[in-house]
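As structure tokens, the structure follows; a few thoughts come after it.
The values are calculated or read from the model by the stated rules, or taken from the named source; none is laboratory data. Please read these numbers as outputs of a predicted model, since none were measured by experiment. With ideal geometry, Cβ positions are generated from the backbone for all residues, glycine too; neighbour counts draw on all protein chains shown. Side chains included, ligands, DNA and RNA excluded: accessible areas come from the protein's heavy atoms. Shrake-Rupley method; radii C 1.70, N 1.55, O 1.52, S 1.80 Å.
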Amino acid sequence: MRSLRGILAAACLLTCVAACSGGSTTTAAAPSAPPSSTTASKPKPTPTPVPPTFTPVVSPAKLTGACPLLGNVELAQVLGVAWNTREPSEMPPEQIGPGKAFRCSYPVGELYVLAVSGGKSPAAMVKQLESECSDPPKPVAGAGEVASYCYGTGYSSLVVVAKHAHGQLRVAEVEMDRSRADVCESLAKLLGERL
């Protein structure tokens, strides 16, 4: 989590709210049949878990967490990995100077979101986060005001998006396993819409 330190140092970032749901399943009792020497009982197939439905919050007037911006199944689909039934965990928000930072932990990565009131520079914030890159960052057009992705040392891929919305500078950062350029760009554009 090297970039978290960078964000905090730049007066930035994250934490969130746990979104967990559970359900119970019941199995109806099979009718009794007389024992037969010619039939063997067959095990019942295990039902495949159904991904939970998720309705993302799109540019909310007030940010209350990072998890509401990006669903677990949605992130897995963008990354092209199998969906993990473990729900993401929202950490408690942190007050960072004049802003509030949120963090959502997914089975396949971390999403950090910072909201700071006023007209701070999105380019300066993204530049600070890009200092965690081990290679030159690549800009992403059409994702917020400023967006980029790169490959880092303490993580494999870093995607950063910043834009002004609802009187705040909002910054999203995703740390995840190494991903292709098109995957990083898709994720940046998705977050640019959601901030």
* To do: Examine segment 20-39 for a residue that is modelled with pLDDT of 50 or more, under 13 Å from the mean Cα position of the chain (by Cα) and open to solvent by 90 Å² or more (accessible area, probe 1.4 Å), and state whether such a residue exists.
  => no
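Please return the ranges of strands (runs of 3 or more DSSP E) entirely within segment 76-137 where 2 or more residues are touching a Phe, Trp or Tyr at 6+ places or on another chain (Cβ under 8 Å) and either over 27 Å from residue 166 (Cα atoms) or open to solvent by less than 70 Å² (accessible area, probe 1.4 Å) (or both).
99-106, 109-117
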* To do: Select, from 173, 193, the only residue that is touching a residue at least 60 places away in the same chain (Cβ under 8 Å) and part of a strand (DSSP E or B).
  => 173
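Report yes if residue 148 is outside any loop (DSSP other than H, G, I, E, B), modelled with pLDDT of 85 or more, out of contact with any strand residue (DSSP E or B) (no Cβ under 8 Å at 6 or more places or on another chain) and not acidic (Asp, Glu), otherwise no.
Judged against the criteria, residue 148 is not a match.
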* **Counted residues, segment 177-193 - those being at pLDDT below 90 and open to solvent by less than 60 Å² (accessible area, probe 1.4 Å)** => 1
* Cβ-Cβ below 7 Å, separation at least six or inter-chain, first residue in segment 80-92 and in contact (Cβ under 8 Å) with a residue 12 or more places away in the chain, second surrounded by 11 or more Cβ atoms within 10 Å (Cβ to Cβ) and of a type in the set (Phe, Trp, Tyr): which pairs? -> 88/106
